[in-house]
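Here is the structure we will look at, set down as structure tokens.
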Amino acid sequence: METRSISVLGATGSIGLSTLDVVRRHPGRFSIHALTASTRAEELAVLCREFRPKVAVMADPEAAVVLSELLVDFPDTKVLAGLDGLCEVASDPAVDTVMAAIVGAAGLSPTLSAVRAGKRVLLANKEALVMSGKLFMDAVAGAGAELLPIDSEHNAIFQCMPADKVRDPGGAGITRILLTASGGPFREHSADDLRTVTPAQACAHPNWSMGQKISVDSATLMNKGLELIEACWLFNTTPESVEVHVHPESIIHSMVEYADGSVLAQLGSPDMRTPIANGLAWPERIDAGVAPLDLFAIGSFHFERPDLERFPCLRLAAEAFKAGGTAPAVLNAANEVAVAAFLQGTLCFSDIPVIIERTMSSTVVEPANSFDMIFAKDKEARARAREQIDLLTV
Ligand code: NDP
């Protein structure tokens with residue numbers, strides 16, 4: 001068996017740590033070439049001592065100095081800093097697999113470096129694909145990269161499709177994708193209750209343990225909106241063919257409907273190590289350390305339609321996809337700014353969609369002709385979203 005050499009971008013995060021847990025279970029099958037983080041140097045130093053990567057990268061240069069000091073007695077690992085370091089370990093010829101698990105738009109350039117170098121790219125960083133859509137998929141095709149979805153829903157859909165028809169679902173007789181959603185921690189809250197929810201409540205997801213930003217996105221349903229866009233690009237389809245089903249148990253991770261009436265589903269405990277192991281070993285299956293599913297204990301499954309009145313972010317995402325061009329990059333940037341403000345306590349939960357909608361309506365949509373245009377719109381939208389927050393909070 002050939003050892004796969006992996007760079008884990010975002011190693012200190014929720015997905016990064018789950019990835020390393022799967023890797024830890026399979027010595028000999030995987031080796032770690034590089035680990036990266038943003039500011040948490042102490043956490044990365046501990047991981048470096050265990051996994052002995054050739055390179056460790058801190059996006060923040062000051063944190064890179066701290067990491068170098070922490071690893072002064074550990075010459076196995078070279079420390080790099082900044083975006084250049086991230087892109088270097090994502091595209092290094094010694095690497096064959098890149099776990100793209102940086103959160104948010106910050107992940108686009110390093111993920112794109114991996115794509116352009118033709119790697120197997122395990123895509124957790126959905127924001128990168130949402131922002132740049134067709135440009136990203138064209139880069140994948142142009143470089144012959146192998147893009148495997150790690151988001152549990154998209155990994156489930158991928159598992160329910162014939163592998164050679166992922167970009168041609170119609171050709172496989174697929175009529176619809178049923179994208180499941182947990183509904184988040186506030187599924188049963190009234191619109192009034194939503195005004196007063198706190199960051200701690202928003203981050204306490206009922207089924208999944210995740211980073212703060214995606215936890216808030218799950219609570220607003222923006223996560224499902226980003227996933228709707230992600231599904232359209234990954235599976236070359238349209239929002240009309242993707243129907244969101246709220247499924248509070250989070251056991252069915254998504255489904256695919258075929259022309260003959262068959263619906264294939266992928267089930268499992270809500271544990272990201274399953275899709276991560278699937279991506280790492282694909283097309284083989286390996287132990288992920290996940291508890292077996294006990295359907296007797298779960299007892300029953302429920303489904304409901306999403307409430308777009310209380311949770312308008314899903315509607316806003318569908319509108320951004322339909323508007324095309326730079327609109328999804330604007331949606332994503334405004335969301336990142338609004339979520340950060342909510343987590344800092346300067347914006348109320350119900351105003352997250354307000355900021356996104358106002359930013360979208362005040363930013364001109366342009367054709368997404370280049371990555372430079374995407375980055376410029378991201379910057380412009382962030383400035384506009386901050387202006388909107390200031391207007392709302394004075
Ligand atoms: P976390 O917040 O837990 O981790 C984020 C990681 O990215 C950390 O290693 C962090 O470093 C690093 N990072 C943060 N900012 C930057 C930056 N500017 N430059 C470089 N690195 C940075 O996030 P998650 O693991 O929850 O999510 C990661 C991605 O995976 C997201 O796109 C999310 O949507 C997606 N995803 C996550 C799921 C989950 O279950 N968590 C499920 C499906 C998708 P540091 O620790 O130093 O801050």
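Residues are listed down the side, and each one gets a yes or a no for (1) hydroxyl-bearing (Ser, Thr, Tyr); (2) modelled with pLDDT of 95 or more; (3) touching a His at 6+ places or on another chain (Cβ under 8 Å); (4) surrounded by 22 or more Cβ atoms within 10 Å (Cβ to Cβ):
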{"site": "Ser7", "(1), (2), (3), (4)": "yes, yes, yes, yes"}
{"site": "Ile15", "(1), (2), (3), (4)": "no, yes, no, yes"}
{"site": "Ser18", "(1), (2), (3), (4)": "yes, yes, no, yes"}
{"site": "His33", "(1), (2), (3), (4)": "no, yes, no, no"}
(request) Considering only the range 113-125, state which residues are within 14 Å of the ligand (Cβ to nearest atom) and open to solvent by less than 10 Å² (accessible area, probe 1.4 Å). (result) Ala114, Val121, Leu122, Leu123, Asn125
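Inside the range 322-349, can you point out the residues that are open to solvent by 30 Å² or more (accessible area, probe 1.4 Å) and under 19 Å from Ser215 (Cβ atoms)?
First, the residues of the range 322-349 that are open to solvent by 30 Å² or more (accessible area, probe 1.4 Å): 322-323, 325, 336, 340, 343-346, 348.
Answer for the range 322-349, where residues must be open to solvent by 30 Å² or more (accessible area, probe 1.4 Å) and under 19 Å from Ser215 (Cβ atoms): Glu336, Ala340, Leu343, Gln344, Gly345, Thr346, Cys348.
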(message) So, in the range 9-63, how many residues would count as being closer than 19 Å to Ala94 by Cα, more than 18 Å from the chain's Cα centre (by Cα) and within 7 Å of the ligand (Cβ to nearest atom)?
(response) 0
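Kindly evaluate Gly289 against the criterion of being without any contact (Cβ under 8 Å) to a residue 12 or more places away in the chain, outside any strand (DSSP E or B) and not hydroxyl-bearing (Ser, Thr, Tyr).
Details: without any contact (Cβ under 8 Å) to a residue 12 or more places away in the chain: no; outside any strand (DSSP E or B): yes; not hydroxyl-bearing (Ser, Thr, Tyr): yes.
Here the answer is no, as Gly289 does not meet what is asked.
Identify all residues within the range 370-394 that are part of a helix (DSSP H, G or I), of a type in the set (S, T, N, Q) and either buried (at least 17 other Cβ atoms within 10 Å of the Cβ) or touching a helix residue (DSSP H, G or I) at 6+ places or on another chain (Cβ under 8 Å) (or both); write none if there are none. Before the answer, list the steps.
Going residue by residue through the range 370-394, those that are part of a helix (DSSP H, G or I) are 371-393.
Now restrict to residues that are of a type in the set (S, T, N, Q): 388, 393.
Listed by number, the list holds a single entry, Gln388.
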(request) Determine if the range 237-256 includes at least one residue that is in contact with a His (Cβ under 7 Å, 6 or more places away or on another chain), open to solvent by less than 50 Å² (accessible area, probe 1.4 Å) and within 21 Å of Pro353 (Cα to Cα). (result) no
(request) Would you mind finding the one in Ala11, Ala56 that is part of a loop (DSSP other than H, G, I, E, B), within 18 Å of Ile102 (Cα to Cα) and open to solvent by less than 10 Å² (accessible area, probe 1.4 Å)? (result) Ala11
(message) What pairs come out if I take residues in the range 198-223 that are farther than 21 Å from Gly10 by Cα and of a type outside the set (A, V, I, L, M, F, W, C) and pair them with residues that are near the ligand (Cβ under 7 Å from one of its atoms) and open to solvent by 10 Å² or more (accessible area, probe 1.4 Å) whose C-beta lies under 7 Å away, six or more apart or interchain?
(response) none
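For the range 71-83, enumerate the residues that are of a type outside the set (Phe, Trp, Tyr), more than 14 Å from the ligand (Cβ to nearest atom) and surrounded by fewer than 19 Cβ atoms within 10 Å (Cβ to Cβ).
To start, the set of residues in the range 71-83 that are of a type outside the set (Phe, Trp, Tyr) comprises 71-73, 75-83.
Filter once more, keeping what is more than 14 Å from the ligand (Cβ to nearest atom): 71-73, 75-78.
The answer is Val72, Asp73, Pro75, Asp76, Lys78.
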(request) Could you please find all residues in the range 84-107 being within 14 Å of the ligand (Cβ to nearest atom) and either part of a loop (DSSP other than H, G, I, E, B) or out of contact with any Leu (no Cβ under 9 Å at 6 or more places or on another chain) (or both)? (result) Asp84, Gly85, Ala101, Ile102, Val103, Gly104, Ala105
(message) Return the residues of the range 296-310 that are without any contact (Cβ under 8 Å) to a residue 24 or more places away in the chain and either touching a strand residue (DSSP E or B) at 6+ places or on another chain (Cβ under 9 Å) or not in a loop (DSSP other than H, G, I, E, B) (or both); say none if nothing qualifies.
(response) Phe296, Ala297, Asp307
(message) For the range 200-222, give me each residue that is of a type in the set (A, V, I, L, M) and either open to solvent by 20 Å² or more (accessible area, probe 1.4 Å) or more than 11 Å from the ligand (Cβ to nearest atom) (or both).
(response) Ala200, Ala202, Ala204, Met210, Ile214, Ala219, Leu221
(request) Please tell me if Ser241 is closer than 20 Å to Ile15 by Cβ and in contact (Cβ under 8 Å) with a residue 60 or more places away in the chain. (result) no
(message) Scan the range 175-184 and tell me whether some residue there is open to solvent by 10 Å² or more (accessible area, probe 1.4 Å), assigned to a helix (DSSP H, G or I) and modelled with pLDDT of 95 or more.
(response) no
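It is to be established whether one or more residues within the range 352-363 are in a loop (DSSP other than H, G, I, E, B) and closer than 27 Å to Glu240 by Cα. Full working, then the answer.
In the first step, residues of the range 352-363 are kept if they are in a loop (DSSP other than H, G, I, E, B); the result is 362-363.
From what is left, the residues that are closer than 27 Å to Glu240 by Cα are 362-363.
Yes, some residue in the range 352-363 is in a loop (DSSP other than H, G, I, E, B) and closer than 27 Å to Glu240 by Cα.
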(request) Would you check if there is a residue in the range 129-148 being over 20 Å from Ala334 (Cα atoms), within 14 Å of the ligand (Cβ to nearest atom) and among the aliphatic types (A, V, I, L, M)? (result) yes
(request) Mind listing whichever residues of the range 311-339 are part of a loop (DSSP other than H, G, I, E, B) and closer than 17 Å to Glu357 by Cβ? (result) Phe311, Pro312, Thr326
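Please determine whether any residue of the range 277-288 is at pLDDT 95 or above, touching an Asp or Glu at 6+ places or on another chain (Cβ under 6 Å), under 25 Å from Val22 (Cβ atoms) and surrounded by 20 or more Cβ atoms within 10 Å (Cβ to Cβ). Steps first, answer last, please.
Residues of the range 277-288 at pLDDT 95 or above: 277-288.
With the extra rule that they be touching an Asp or Glu at 6+ places or on another chain (Cβ under 6 Å), the set shrinks to none.
Among the residues of the range 277-288, not one is at pLDDT 95 or above, touching an Asp or Glu at 6+ places or on another chain (Cβ under 6 Å), under 25 Å from Val22 (Cβ atoms) and surrounded by 20 or more Cβ atoms within 10 Å (Cβ to Cβ), which makes the answer no.
The values are calculated or read from the model by the stated rules, or taken from the named source; none is laboratory data. What you see is a predicted model, and the numbers here were worked out from it, not measured in a lab. Quick reminder, even Gly has a Cβ in these numbers, built from the backbone with ideal geometry, and neighbours come from all protein chains shown. Accessible surface is based on the protein model in full, side chains and every heavy atom, while ligands, DNA and RNA are left aside. Shrake-Rupley method; radii C 1.70, N 1.55, O 1.52, S 1.80 Å.
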